[in-house]
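Take a look at the structure set out below.
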Amino acid sequence: MSSSAKLDIAIIGAGLSGLALALALHKNGLNNIIIYESRPASLDIGGAIMLSPNALKILDVLDVYQPLRLRSYEFDTLHFRKSDEAMTPVDTFEFGSATKYGYQALRVYRYELIEVLHELIREKSGISIMYGKKFSRLLSETNEGVTWSFTDNTQVSASLLIGADGIHSQVRKYIYPDLEPRFTNGIGVTAAVPTAQLQLPEGLETPVTLMNNKHGAFVIAQQLHDGSEVLIGKQRRFTESLDKDGWADLLNNKEWCLDFLRRGAEDFPQVVSNAVSNIPKNKINLWPFYMVPKLDTWVSKGGKVVVMGDAAHAIPPTAGQGVNQAFEDVYTFAGVIGALENQNTDDSEKRRTVLKRWQAGRQARIDKVLELNTMIDKRRLPNQDSSDVENEEFDLGWLYNIDFEKTIAEWCA
Ligand SMILES: Cc1cc2nc3c(=O)[nH]c(=O)nc-3n(C[C@H](O)[C@H](O)[C@H](O)COP(=O)(O)OP(=O)(O)OC[C@H]3O[C@@H](n4cnc5c(N)ncnc54)[C@H](O)[C@@H]3O)c2cc1C
């Protein structure tokens, strides 16, 4: 395993982590990569996502940012207001800034990002994607590599196996057989409507979250490049934990979702009633918030199986960092593996040490994001007295202005 041509890497999951990881590995000179995806084809799952400068810096290096920008809505700040008629400002949260962090934040449909990633992958030789291949279980891990099976009973081997297979990861089960993601007792229901329908009051900046003590938080966030559409969404506590089919049934129960969005609209400013007056049912999404308990390690004992993205650390959406942190995982991992390959080392102890440093460094960032989530929650939750936090500005330089190349070099030193 001392030359990059020999290191064959298998990635389980062609979601945002898996696709970006393939591109990042390729950028680092690794070109023997197969992505295995359980779905029959790339699907348009979920709605739009928000990307912050830390992730955009990565996507820029991977040549994703410029084409993506043309498909995205750009903004800087998330606004938080009371749900009184005056919509009294309470708080703001920076999500991007060209002057401070080099990038405005982007809001973009997930399928647009997946499409751009696919286009770039098609241009590269040495990356292939196989659909309809569902990882089943790991069969063996040796110094040479790993062997596993798919649910169609075929067996495959590779030098390195990466689990980028999301929050309910099967690959993770090899390292943590009994671990299950934990429901956080929160759900969000979202939809998309034309911006014109809202008749946004003059001067009301978006994205804005209107906070109501009784009914939870109502989010309005413009999307599409020209901002002609808005995401509308409501987040609330939901104590009943359902299984996979139960959540799917709830999502398919469009009347329930509509009622969730509309309930209490009369207790919000008029803009919310306008927003929920006409909701296309095909634009409704439901997001139960799960998290993966903190893992001691993301790397198997033998060092040949690694999990990342939601498989390693699915986190609640408060600071909007879920997918942004996943991009940090894959970019730094690819940098570390690329550096090890360039050093042409067969020293497996060194590989293990560097991977340990990578994971510890990544976990430290995730822990800081979780701390940030807690601080933001204090401001957003209904019944929260915001007077003590009102004018405090978060220092977000640590999050958005990170120097990835320096960090990678330190881990590999
Ligand atoms: C409705 C919704 C809205 C969201 N909005 C935001 C947002 O605004 N901002 C944000 O930062 N985050 C958001 N998130 C979270 C974000 O989507 C995740 O953090 C991100 O998708 C993680 O990417 P991933 O590639 O690690 O996992 P996933 O996106 O879950 O991708 C995993 C892939 O692996 C495949 N797979 C699973 N099991 C197997 C198997 N056994 N074999 C083969 N393939 C398999 C899946 O089909 C999938 O394609 C949202 C999530 C949801 C559900």
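The values are calculated or read from the model by the stated rules, or taken from the named source; none is laboratory data. Values in this document were obtained by computation on a predicted structure and should not be read as measured data. So basically every Cβ, Gly included, is an ideal-geometry build from the backbone, and we count neighbours across all protein chains shown. Heavy atoms of the whole protein, side chains included, go into the accessibility calculation; ligands, DNA and RNA do not. Shrake-Rupley method; radii C 1.70, N 1.55, O 1.52, S 1.80 Å.
Rounded to the nearest 0.05, what FRET efficiency do Ser136 and Ala196 give with R0 = 56 Å and r taken as the Cβ-Cβ distance? Could you check? Don't skip to the answer; put the middle values down first.
Numbers: r = 49 Å, r/R0 = 0.88.
The calculated FRET efficiency here is 0.70.
Any idea how far apart Val61 and Asn252 come out in nm if each label point goes 7 Å out from Cα toward Cβ?
4.4
Once ligands and nucleic acids are excluded and a 1.4 Å probe is used, how much of Met375 is accessible, expressed in Å² to the nearest 10?
90
Please report, as a whole percent, how much of the solvent-accessible surface of the stretch 185-290 comes from carbon and sulfur atoms (probe radius 1.4 Å). Spell out each step's value before the answer.
Details: 2390 of 5010 Å².
Reported share for carbon and sulfur atoms: 48 percent.
What FRET efficiency comes out for the pair Asp367/Arg71, r = Cβ-Cβ distance, R0 = 30 Å, nearest 0.05? If you can, show how the numbers build up before the last one.
Details: r = 33 Å, r/R0 = 1.09.
The formula returns an efficiency of 0.35 here.
Rounded, prolate or oblate for the chain? Axes are the square roots of the Cα gyration tensor eigenvalues, ordered a ≥ b ≥ c, and the cut-off for rounded is a/c under 1.5.
Values: a/c = 1.93, a/b = 1.69, b/c = 1.14.
Here the chain falls in the prolate category.
Quick one: check the C-alpha center-to-center distance for the stretch 265-314 versus the stretch 34-95, whole angstrom.
13
In Å², and per residue, what accessible area does the stretch 185-290 have when probed at 1.4 Å with the other protein chains present? Could the numbers behind the result be given before it?
Working: 5010 Å² over 106 residues.
Result: 47 Å² of accessible area for each residue.
Can you tell me how the stretch 104-248 classifies by the Cα gyration tensor, rounded, prolate or oblate, using a/c under 1.5 as the rounded cut? Could you put the intermediate results ahead of the total?
On the way: a/c = 3.35, a/b = 1.71, b/c = 1.96.
Here the stretch 104-248 falls in the oblate category.
Would you mind computing, in nm to one decimal, how far apart the modelled labels at Ala409 and Lys301 are, each placed 7 Å from Cα along Cα→Cβ?
Simple spin-label model gives 3.7 nm for this pair.
State the extension gain, in nm to one decimal, for the chain segment bounded by Lys244 and Lys350, taking 0.36 nm per residue of separation less the distance between their alpha-carbons.
On the way: separation 106, 0.36 × 106 = 38.16 nm, distance 4.07 nm.
So the chain would gain 34.1 nm between Lys244 and Lys350.
Quick check on the chain: helices-only [θ] at 222 nm, where DSSP H runs of length 4 and up contribute -39,500 (n - 2.57) each and the sum goes over total residues. Nearest 500, please.
Values: 15 runs with 148 residues, N = 413.
It comes out at -10500 deg cm²/dmol, rounded to the nearest 500.
Once both labels are modelled 7 Å past Cα along the beta-carbon direction, what's the Ser149-Thr99 spacing in nm?
So the label points at Ser149 and Thr99 sit 6.1 nm apart.
Contour minus end-to-end for Lys214 and Ser228, with contour as 0.36 nm per residue of separation and end-to-end as the Cα-Cα distance?
Working: separation 14, 0.36 × 14 = 5.04 nm, distance 3.00 nm.
My answer for the length gained is 2.0 nm.
Let a ≥ b ≥ c be the square roots of the eigenvalues of the Cα gyration tensor of the stretch 32-84; is it rounded (a/c under 1.5), or, if not, prolate (a/b larger than b/c) or oblate?
It comes out oblate by the Cα gyration axes.
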